[in-house]
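**Student:** The structure is given below, and queries will be raised subsequently.
The values are calculated or read from the model by the stated rules, or taken from the named source; none is laboratory data. Note that the coordinates shown come from a computational prediction; the quantities given were computed from them, not determined experimentally. Reconstructed Cβ throughout: ideal geometry from the backbone, glycine too, with neighbour counts over all protein chains shown. Only protein heavy atoms, including side chains, enter the accessible area calculation; ligands, DNA and RNA are left aside. Shrake-Rupley method; radii C 1.70, N 1.55, O 1.52, S 1.80 Å.
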Amino acid sequence: MKLIYRILLHLSVVLSAVLTGWAIYFYAGIVEEVNDETDDALDDYAERIIRRYLAGVHLPSEDNGTNNSFYVHAVTEDYLHHHPAIEYIDESVFIAEKGETEPARTLRTVFRDRAGRYFLLSVSTPTIDKDDLKQAILWRIITLYVALLVTILTVNVWVYSRSMRPLYRLLRWLDTYTVGRSHTPLTAHSAVTEFRRLYDAVRRHTDRTEQAFEQQKQFIGNASHELQTPLAVSLGRLELLADSTPALTEAQLAEVIKTQQTLRRAVRLNRSLLFLTKIDNRQFLDQTDLCLDALLRRDLEDLQEVYASRRITVDLTAVDPPLRASMHESLADALVSNLLKNAFVHNHSDGRILIRITTPTLTIANTGPAASLDPTHLFDRFHQGPHRVEGSTGLGLSIVRAICRLYTIDIRYAFTADRLHTFTLTFPLTSQNKTP
């Protein structure tokens, strides 16, 4: 959930609670004020009736031109022990003038005449209908709530959008940031202290990242030079030793050859590890629109010559349009060649390789071990499973996965019903790869 939506949600909940409490308080205040004014009027009216009753003066008739009504009747002294001497109640009374029943406020009080007799006086006057008042307040509160909510949320969205512009500008800059590439300078166009500190922190972090990236590149370059040179020298000396020393026995010559094979494997391993490190460090930044069909056919021709003695049959099917991708040329070649080499190396004599290019997918399937490989560790570095192949470094599929991650290419492995080990690559759709 975006921050603005979370803020608006919390504001809506808080505003609902505040307005509900305010509506209850407002309703209670109105009712209290109306009752207070009505009770004062009832007190005055009841006092006049009691005075006239005790003075023996003729009481007003019930049909006196007003909506007020009263009645007086005698009660016993015992009535006082079970009822309050004065009470105010809300009830419905019949108004003779209107011929209908209306809500009223009633005062009931007990008084005594000179003879010691007790009388109950009940005085009523029409008042507001509290149910109608509740309904009126409810609808007005709802209207007020909607108006306030829309106003407050609109103002908050406007204020938030203007206030958070520096943050959105920073996020857009970070989305386009790539280590090792040139970028527009990051400047904080804000007077807010927190945003300026955030911009400073990001600048410091990116500076450290760029510095570490440059150090890694220097280390990779130095390691490549420093390791490859002594390995090449060692291989040369062993070859010279084998050629120029006729006194070597057959066993000694075999040991020299084994050492040469070990050194050659070390050279390949060093190159593969350095290549993987460069991929992980995103040192292949340049991209070119490449036709992968052409790369695949070229590498396939070379590998067929190398493994011609194994009599492996290759079936290539390509559907127009040609499969294209925007990649660094070295990485594209490494991706295709490693997949093809994997299909040849882990195959058996008189085996098959099936290649299908149906843009935007590339499928390479080969015969090989009779059981499925472990897909959870298949792309791990140095993992070769139970079927280890002599001369393999165990890094080919790791390089393939690293390249696929770099270019968001989906790669999947499956062992099909016809006992083929199948690798399927799905490339991101580009304007060239879309079906017309």
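**Student:** List the pairs whose first member sits in region 182-194 and is part of a loop (DSSP other than H, G, I, E, B), whose second member is polar (S, T, N, Q), and whose Cβ atoms are under 8 Å apart, counting only residues at least 6 apart or on separate chains?
**Tutor:** Matching pairs, first to second residue: HIS183/THR176; LEU186/THR206; VAL192/SER163.
**Student:** Further question: Which residues, taken from region 285-302, are out of contact with any strand residue (DSSP E or B) (no Cβ under 8 Å at 6 or more places or on another chain) and touching a residue at least 60 places away in the same chain (Cβ under 8 Å)?
**Tutor:** LEU285
**Student:** Could you list, in sequence order, the residues of region 297-326 that are within 15 Å of PRO360 (Cα to Cα) and either modelled with pLDDT of 90 or more or open to solvent by 50 Å² or more (accessible area, probe 1.4 Å) (or both)?
**Tutor:** Result: THR317, VAL319, ASP320, PRO322, ARG324, SER326.
**Student:** Return only the number of the condition from (1) at pLDDT 85 or above; (2) exposed (fewer than 11 other Cβ atoms within 10 Å of the Cβ) that ALA55 does not satisfy.
**Tutor:** Tallying (1) at pLDDT 85 or above; (2) exposed (fewer than 11 other Cβ atoms within 10 Å of the Cβ), ALA55 fails exactly one: (1).
**Student:** Could you please tell me which pairs satisfy a Cβ distance under 8 Å, a separation of 6+ or placement on different chains, a first residue in region 356-385 that is of a type in the set (Phe, Trp, Tyr), and a second residue that is open to solvent by less than 70 Å² (accessible area, probe 1.4 Å) and modelled with pLDDT under 80?
**Tutor:** These pairs meet every condition: PHE382/THR393; PHE382/GLY394; PHE382/LEU395.
**Student:** While we're on this one: Do you know which of the residues in region 327-361 that are in contact with a Pro (Cβ under 9 Å, 6 or more places away or on another chain) and not β-branched (Val, Ile, Thr) is most open to solvent (accessible area, probe 1.4 Å)?
**Tutor:** Here the answer is HIS348.
**Student:** Residues to consider are ASP175, ASP207; find the one that is open to solvent by 40 Å² or more (accessible area, probe 1.4 Å), within 26 Å of the chain's Cα centre (by Cα) and acidic (Asp, Glu).
**Tutor:** Going through ASP175, ASP207 in turn, just one is open to solvent by 40 Å² or more (accessible area, probe 1.4 Å), within 26 Å of the chain's Cα centre (by Cα) and acidic (Asp, Glu): ASP175.
**Student:** Next up: If you scan region 407-427, which residues turn out to be at pLDDT 85 or above and not β-branched (Val, Ile, Thr)?
**Tutor:** TYR407, ASP410, ARG412, TYR413, ALA414, PHE415, ARG419, LEU420, HIS421, PHE423, LEU425, PHE427 - these are the residues of region 407-427 that are at pLDDT 85 or above and not β-branched (Val, Ile, Thr).
**Student:** Just to verify a result, which residue in region 252-267, among those that are under 22 Å from GLY394 (Cα atoms) and surrounded by 14 or more Cβ atoms within 10 Å (Cβ to Cβ), is modelled with the highest pLDDT?
**Tutor:** THR259
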